[in-house]
Amino acid sequence: MLSEYLMNNVCQFIKDEIKTAVVVFEGKDPEEVQIIRKAIDEDTLKVLVNTSKGVGTITDIRLLDEKGNVLISKPKGHIKTIDHGVISTFWIRIVEEEVQNPISVFELKGAMNG
């Protein structure tokens, strides 16, 4: 079982990696938007992004690291007008999932075991 300490550390690592956010409107290049807040609540990372810029159909909102790599992507289909901003939330919960049928090395087939 993963400890609360480990789950919190994983959330903290992801939080520290997130440097910028971008919004993608249909047919347009990604545009940087404001990260309002990044917070950790036990095993959950909460990120709020203000997509106040741009107009049109939002096709994706992305959280990026310092090199511009996509860490988390949230495809959307919302239509944004000029007179309204959109606050997008990312809630990422770290959970443990036990694998019910793990692969047995004795069942693998290859050059060494015929």
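None of the figures in this text is laboratory data; all of them are computed from the coordinates on show. None of these values were measured; they are calculated from a predicted model. With ideal geometry, Cβ positions are generated from the backbone for all residues, glycine too; neighbour counts draw on all protein chains shown.
The angle between the Cα long axis of helix 4-17 and the main principal axis of the chain comes to about 50°, on a 0 to 90 degree scale. The string of couplings for region 58-63 from the Karplus curve (6.51, -1.76, 1.60, θ = phi - 60°) is 6, 9, 6, 10, 10, 9 Hz, one whole number per residue in order, with x for Gly and Pro.
Taking the Cα atoms of the chain, the ratio Rg/Rh between the radius of gyration and the Kirkwood radius comes to 1.17. When the chain is described by a simple charge dipole with +1 on each Lys and Arg Cβ and -1 on each Asp and Glu Cβ, the residue from LEU45, VAL24, PHE90 located farthest towards its positive end is VAL24.
What list do you get for ILE58, ILE79, ILE94 if you sort them by fewest beta carbons within 10 Å?
Fewest-to-most ranking of ILE58, ILE79, ILE94: ILE79, ILE94, ILE58.
Across the chain, Cα pairs under 8 Å and at least six residues apart give a relative contact order of 25 percent.
Note on the chain: lysine pairs with Cα distance below 18 Å, sequence gap of 8 or more or different chains, count 19. Fewest neighbouring Cβ atoms within 10 Å first, the residues ILE35, ILE14, ILE82 line up as ILE82, ILE35, ILE14.
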